[in-house]
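The values are calculated or read from the model by the stated rules, or taken from the named source; none is laboratory data. Because the structure is predicted, anything quoted here is derived from the model rather than measured. No Cβ is skipped: glycine too gets one built from the backbone with ideal geometry, and neighbour counts run over all protein chains shown. Ligands, DNA and RNA are stripped out before the accessible areas are found, and what is left, the full protein with its side chains, is counted by its heavy atoms. Shrake-Rupley method; radii C 1.70, N 1.55, O 1.52, S 1.80 Å.
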Amino acid sequence: MNVLVTTDKVSAMPKDSAAKDPMRRRVSCGSPHRSTVATLLYIEAAIVLALGLWLIFFSFTHENEEVAPLLGEISFAVLGAIGLFLAGRGYARGKNYGRSPAILANLIALGVAYYQIQGAFYIGAVIILALALPTLYFAFSIAKNEG
């Protein structure tokens, strides 16, 4: 009585294809600061959206307002909030598509803070700097560590 025993020569493939190819790497495992940057970007998005909503409320409560510039400011606030939210979502998901917009928006925020300091609106400048500086620091450190 001959018994034929066969063995499978197929081994389990690694779940992460980046483990085999050194040129491909997973970005989501890169930096522990990604969730911090995402949270800061979500906070910035909420503040910019709140400013846009305040402008809408302001337009109804005050009489002498030009409509076209006000609509432009409101639309830029809404688009900016959406952009910051999407950049935060990119960081939260471990993607790189949020990196450049987050850095650009926070560099612009530094310029805004500078002009607020020049206009003696120190409270607004401190709030912007308290959000923009850590976001920039962590975003640059993520970019440096992950390439």
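For the reader, a short list of remarks on this structure follows.
- Boolean, Ala143 is modelled with pLDDT under 90 and of a type in the set (A, V, I, L, M): yes
- Among the residues of the range 44-90, those that are acidic (Asp, Glu) and open to solvent by 50 Å² or more (accessible area, probe 1.4 Å) comprise Glu63, Glu65, Glu66, Glu73.
- Every residue from the range 86-122 that is without any contact (Cβ under 8 Å) to a residue 12 or more places away in the chain and of a type in the set (D, E, K, R): none
- If you go through the range 97-115 and keep only what is of a type in the set (S, T, N, Q) and surrounded by 14 or more Cβ atoms within 10 Å (Cβ to Cβ), you end up with just Asn106.
- Inter-residue pairs, beta-carbon under 6 Å, first under 17 Å from Ala92 (Cβ atoms) and in the range 136-147, second aliphatic (A, V, I, L, M) and at pLDDT below 85, 6+ apart: Glu146/Val27
- Verdict on Leu70 being at pLDDT 95 or above and either farther than 14 Å from Leu136 by Cβ or among the aliphatic types (A, V, I, L, M) (or both): no
- Odd one out for Gly94 among (1) in a helix (DSSP H, G or I); (2) surrounded by 13 or more Cβ atoms within 10 Å (Cβ to Cβ): (1)
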